[in-house]
Amino acid sequence: MIFSKYIMGWPSMINRPQANDTAKPKKNISTTSVGSLTALKTFSARSQMALQMSGGPDTIAPLLIGNVSLFGPNIPGSYFFTHIYLFLARCHYYLTGRMFADQLAECCFKRVMRLGEIACLQARTCWLDDVVDTFADENKGTQFNVVILGAGYDTRCYRLRSITKKENIHLFEVDAPGTQQMKRNALKHAKIECSGVHFVSCDFEHEDWMKCLESQSNFNHNLPTIFVWEGVSMYVDREVVISIISQISRCAVGSCIAFDYVFSDCMNAALKKSAEKIGEPWKFAINFDEVENLIEECQELTQRKVALRVLDHLRKDEMKKRYLAKYSNGNHVGYLEEFGAFCLVGI
Ligand SMILES: C[S@@+](CC[C@H](N)C(=O)[O-])C[C@H]1O[C@@H](n2cnc3c(N)ncnc32)[C@H](O)[C@@H]1O
């Protein structure tokens, strides 16, 4: 939160949407030519994890990050500043063994934070990697789809051995046009092979994403499909969340969607205000024990007679147990806030 407010907040003041982007007021900045700043933030955190803390799972992020501007596209010299920022962040970590953002957050919240935000993103990346790997294993040798929804700078299509460069596996990335264009430029400059990935641009709030997927690519909904929907549910309205989850029922039995969400109890006015300030307002939140009801609502919208089932549903303690290493004294490396949870729904 601190990071988004102080480091990622100010560029949005400068990165005003272009004239033709302002047709609809209060549009999420991701859909404008500026692209998503929060996608850059999570991407930067994954890259720092891989570079600084001796190896996070996102090994492609450090290769890609030199080709984006963490401060958005419309600031002169911003690529140069991005490199300076990453260098300083790395030096700070080597010298102090702490993240600057954690130290800043500690001053405000008066509790020790170790890799606070980064640990949470690391656990999220690991869980979703596991979900995709398991799906690929279960469908080994058959044709299936992997769809990354609201992909941002997600690198799974380029780094997960279970799915990259396989003829039977069809890879898709769906994202808001502005963000996607910036990612594609970065992939091109970094010379990362992406010819096997189908890029589909879509605004979840104003377009039917499944129709976009079918009209802009050769997406075959008769195949089993794994949808990864990481760090996006909070940016769309409840009806959109329900529609996205229910639409997986159009695909073959065995399909699933993995996503994370923020607890309503944690979405306070200050957080909402800071998200609004950077141009990516938070709209959806739900508490852990309300998810079953949400899935029932999704069930009512399904067009085929298939049952949506919650296959995995994890909160902080389980994520810690599965994905955070421990010091010899038993404490976990990293701090996870009870802020939201992770859910896998399948048919
Ligand atoms: C916090 S980023 C997460 C990116 C990536 N999944 C990750 O975890 O790093 C939010 C993503 O949602 C996308 N997004 C937000 N609102 C959207 C909308 N209305 N339509 C399409 N994509 C949207 C943004 O473009 C951005 O890529």
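Bear in mind these aren't lab numbers, they're just calculated from the coordinates by the rules spelled out. Treat the numbers as computed from the prediction; the structure is a model and nothing was measured. With ideal geometry, Cβ positions are generated from the backbone for all residues, glycine too; neighbour counts draw on all protein chains shown.
Under the Karplus relation 6.51 cos²θ - 1.76 cosθ + 1.60, θ = phi - 60°, what is the ordered set of whole-Hz ³J(HN,Hα) values for the stretch 316-321, x standing for Gly and Pro?
3, 4, 5, 4, 4, 4
Under a straight-distance cross-link criterion of Cα-Cα below 18 Å, which lysines are reachable from LYS140, leaving out those fewer than 8 residues away in the same chain?
Counting by Cα, and skipping residues close in sequence, LYS140 has these lysines nearby: LYS165, LYS166.
Under a point-charge model restricted to the Cβ atoms of Lys and Arg (+1) and Asp and Glu (-1), what is the dipole moment magnitude of the chain relative to its Cα centre, in debye to the nearest 20? Before the final figure, lay out the partial values.
Values: 39 positive and 38 negative charges, 223 e Å.
In debye, rounded to 20, the chain gives about 1080.
Taking θ as phi - 60°, what are the ³J(HN,Hα) couplings along the stretch 124-131 by the Karplus curve (6.51, -1.76, 1.60), each to the nearest whole Hz, with x for Gly and Pro?
4, 4, 4, 4, 5, 4, 4, 4
If I take R0 = 25 Å and measure r between the Cβ atoms of ARG322 and CYS266 in this structure, what FRET efficiency does the formula 1/(1 + (r/R0)^6) give, to the nearest 0.05?
That gives a FRET efficiency of 0.75.
Taking only Cα atoms and a 10 Å spring cutoff, compute GNM fluctuations for the chain and point out the largest among LEU171, LEU40, LEU223.
LEU223
Which of these, PRO76, PRO281, PRO224, has the largest mean-square fluctuation under a Gaussian network model of the chain (Cα springs below 10 Å)?
PRO76
Give me the net charge for the shell around ASP58: Cβ to Cβ below 12 angstrom, other residues only, Lys and Arg +1, Asp and Glu -1. Kindly include the intermediate steps, with their values, before the conclusion.
Working: positive: ARG46, ARG124, ARG156, ARG159; negative: ASP129, ASP154, GLU230.
Here the count lands on +1.
How big is the antiparallel share of DSSP beta bridges in the chain, given as a percent to the nearest 5?
Details: 13 of 32 bridges.
Percentage antiparallel, nearest 5: 40.
Just to be sure I understand: with springs between alpha-carbon atoms less than 10 Å apart, which residue in LYS272, LYS321, LYS283 has the highest mean-square fluctuation in the Gaussian network model of the chain?
So, out of LYS272, LYS321, LYS283, the one fluctuating most is LYS321.
Sort out for me the Cα centre separation of the stretch 37-51 from the stretch 226-291, rounded to whole Å.
20
What aspartates and glutamates could a cross-link reach from LYS305, if we take a straight Cα to Cα line under 15 Å and drop same-chain neighbours fewer than 8 places away?
GLU296, GLU297
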